[in-house]
Amino acid sequence: MFQLIKRLFALIPQVEAHCDTADGPAVTDGRRALESGNLNHALKWIPADGETELRHVFEQAVVVRSLGAEAKEVADRLFLETLVRIHRMAEGVGFTGIQGHGAAVEPVVTAADRALETGDLEPLRPLVPADRFDELAHRFEHAREKKNFAVDDVMAGRDYIAAYVSYFKYAEGEDHHHAQHAHAHGHHA
């Protein structure tokens, strides 16, 4: 039975997007939630109106994970896909599955991630049109200001993710995304 379910998951088409990758930050935080038993690691990625669904799937996954390795794999996959699907819906983007480990990510996304880790935005300069860099720097600083929050402060986590998504989407050239994502998470741009 579990082999059949695993094969069905393998048939789901994959798309390219930062948060849709097995190595991406939403999936990483989802795994952290599963391993620690603390759903708050993942809740920051979704709007409040998706919390009931994600909480329900998380609770089921925690129970099913104890039934063996195959059950754990299926439960984890269902939880992670639910997390990313709800997140993508809040962004106004479709979801067709999670890409495998090592999936290609655009250089601007990799550089934007690295900039948040190091605090240095300069490596992004050649990847972004010059007339967009000042606004990108503003969004970068806004995201960095909100980055350090307690895991159990879900609202602060959601504030960070709204700033994070605004920064990334602007780096990728999507100006309109910030207002949509902030609205979906109950924030104002």
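The values are calculated or read from the model by the stated rules, or taken from the named source; none is laboratory data. This structure is a prediction, so every number in the text was calculated from the model and none was measured. Virtual Cβ from ideal backbone geometry, glycine too; neighbours counted across all protein chains shown. We work out accessible area using only protein heavy atoms, side chains counted, and drop any ligands, DNA or RNA first. Shrake-Rupley method; radii C 1.70, N 1.55, O 1.52, S 1.80 Å.
Worth a mention:
- Some residue of segment 110-122 being among the hydrophobic types (A, V, I, L, M, F, W, C) and within 28 Å of GLY50 (Cα to Cα): yes
- On the stretch given as segment 138-183, residues that are open to solvent by 30 Å² or more (accessible area, probe 1.4 Å), modelled with pLDDT under 65 and among the hydrophobic types (A, V, I, L, M, F, W, C) total 1.
- Of the helices (runs of 4 or more DSSP H) lying entirely inside segment 55-161, the ones with 1 or more residues being closer than 22 Å to LEU34 by Cα and among the basic types (Lys, Arg) are found at 69-91.
- Across segment 25-55, the qualifying residues are those that are touching a residue at least 24 places away in the same chain (Cβ under 8 Å) and polar (S, T, N, Q), and the one among them that is farthest from ILE86 (Cα to Cα) is ASN38.
- Selection within segment 123-167 - more than 28 Å from LEU54 (Cα to Cα) and hydrophobic (A, V, I, L, M, F, W, C): LEU124, LEU127, VAL128, ALA130, PHE133, LEU136, ALA137, PHE140
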